[in-house]
Amino acid sequence: MHQVLSPSADRRADAAAVLVGLGACLPARRVTNSELCGRLDTSDEWIRERIGIAERRIADPEVSTGDMAVEAGARALASAGVAGVDAVLVATSSPDHRCPATAPWVAHRLGLGPVAAFDVAAGCSGFVYASAVAAGLIASGTARRVLVVGAETMSALIDPADRATAPIFGDGAGAAVYEAGPHHLDGALNPVVWGSDGSLADAIVVPAGGARERHRDPHAPAAPPGDAFVRMRGNEVFRHAVRRMTAAARDAAAAAGWELRDVDRLLAHQANHRVNAAVADALGVPHEHVPSNIHQVGNTAAASLPLLLCHAADRGDLKPGHKVLLVAFGSGLAWAATTLVWPAGLSPRL
């Protein structure tokens, strides 16, 4: 089961969160499959066929998640033509520190003053989760304008010798500015469908580094070095991703009052091109209506959807009036979907 987050019937005057700006930041360094194959028992052909990735971007050691979030956020603000916001949300699984949150530092670096700022940890679904929170802040009147950033330095969490994860993940950041406006405006977020299944929390997990680690027997051997990296049960995640994304996407379309045949573009989290093809088939969305950038950037977790929005808009895949369905799935396990009509005049800053 999952929940639908939408304005209550007696609060129809509440403002909607309207998308008014987009920005992206990708590290300059490209790591091709051929480079990975030199140290992993795999091939360029296998990675392309099984995952859909040709290359991914990897941040230099001195570049952090927060650094990329600042750059993507600055570009989103410039895209929106605004200088300030009332809140900053950073969706990430790879924050600069376990404490404090990365968002306050990002807000400071952007010169936004003492605004509310906090992180959202919902794995690859983090951008949609954070967008739902932004919509709630706007609907309640707590904020009029919110900056939402999805940013990841996944290379810090990946074992470079792990064939199961090293080919998949990349680094980057994408950001969106939401502004209060009428629900009928193009760009307004429609109801969000979301949910989680904590019984499968260990399907995608970084075992070390959290509070549970203090419960280890002090006389036991040290935790294996691999516990500091992402561990993933790929086949199991694949099955749940297809099922949960399909259901959430279907329900998000229904919550917006759309038929699936009305959907002009399906933008899905870029984890695996076979997952997205299966979801598109289950929904009846033609593959040519499913923009992708996984071949260029890999799986950038919480940065995936905002980066895809930027790239699809920049390529002209998203046109004014298009009915756009967004869906994501990731660690937690957590999933989320929402819809919007693509607005005119929105130019992402890449």
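Between Pro306, Phe229, His289, the Cα set farthest toward the positive side of the dipole of segment 225-341 (charges on each charged residue's Cβ, about the Cα centre) is that of Phe229. Counting only Cβ charges, +1 for Lys and Arg and -1 for Asp and Glu, the dipole size of segment 225-341 around its Cα centre is about 200 debye. Around the amide H of His183, modelled in the peptide plane, lie the amide H atoms of Ala16, all under 5 Å away and 5 or more residues distant in sequence or on another chain. Positive end of the dipole of the chain (Cβ unit charges, origin at the Cα centre): among Ala139, Asn276, Thr339, the Cα lying farthest that way belongs to Ala139. Scanning residues 5 or more positions from Asp86 or on other chains, those with amide H under 5 Å from its amide H are Arg144, Arg145, Val146, Leu147, with H placed 1.01 Å from N in the peptide plane. Model label points for Arg109 and Ser347, set 7 angstrom from Cα along the Cα-to-Cβ axis, are 2.6 nm apart. Shown in residue order for segment 238-254 are the 3J(HN,Hα) couplings computed by the Karplus curve 6.51 cos²θ - 1.76 cosθ + 1.60 at θ = phi - 60°: 4, 4, 5, 4, 4, 5, 6, 5, 4, 5, 5, 5, 4, 6, 5, 4, 5 Hz (x for Gly and Pro). Across segment 296-313, coupling constants 3J(HN,Hα) worked out from phi with the 6.51/-1.76/1.60 Karplus curve, θ = phi - 60°, read 9, 10, x, 8, 9, 6, 5, 7, 4, 5, x, 5, 5, 4, 4, 5, 5, 5 Hz, and Gly and Pro carry x. Here's the picture: charge each Lys and Arg Cβ at +1 and each Asp and Glu Cβ at -1 in the chain, and of Ala28, Val18, Ala256 the one pushed furthest to the positive end of that dipole is Ala256.
About its Cα centre, the chain has a charge dipole of approximately 300 debye under the convention of +1 per Lys or Arg Cβ and -1 per Asp or Glu Cβ, with nothing else charged.
Contact order, relative form, for the chain: 27 percent (alpha carbon pairs under 8 Å, 6 or more residues apart, mean separation divided by residue count). Comparing mean-square fluctuations of Thr339, Thr92, Thr32 from a GNM of the chain with C-alpha springs under 10 Å, the top value falls on Thr32. In the chain, the DSSP beta bridges split such that about 70 percent are antiparallel, to the nearest 5. Working note: Karplus 6.51/-1.76/1.60 with θ = phi - 60° gives segment 273-287 the couplings 5, 6, 4, 5, 5, 5, 5, 4, 4, 5, 8, x, 9, x, 4 Hz, where Gly and Pro are set to x.
Could you tell me the center-to-center distance, by alpha carbons, between segment 44-89 and segment 284-350 in angstrom? Spelled out, the Cα-based centre of one part sits 14 Å from the other. Under a 5 Å amide H cut-off, with hydrogens placed 1.01 Å from N, Ala188 pairs with Leu19, Val341 among residues at least 5 apart or on other chains.
Give me the percent relative contact order of segment 225-341, please, defined on Cα pairs under 8 angstrom at least 6 residues apart.
Values: 158 pairs, mean separation 38.7, N = 117.
Dividing the mean separation by the residue count of segment 225-341 yields 33 percent.
Applying 0.36 nm per residue to the separation of Asp227 and Glu259 and subtracting their alpha-carbon distance, the gain on full extension is 7.1 nm.
Only one item in (i) 24, 44, 25, 6, 0; (ii) 30, 64, 6, 0; (iii) 33, 59, 8, 0 matches P(r) over Cα pairs in 20 Å bins from 0, in percent derived from the coordinates shown, and that item is (iii).
Where a number appears in this text, it was derived from the coordinates with a stated rule and is not lab data. Predicted model only: the values in this text are computed from it and were never measured. Glycine gets a Cβ as well: all are built from the backbone with ideal geometry, and neighbour counts include every protein chain shown.
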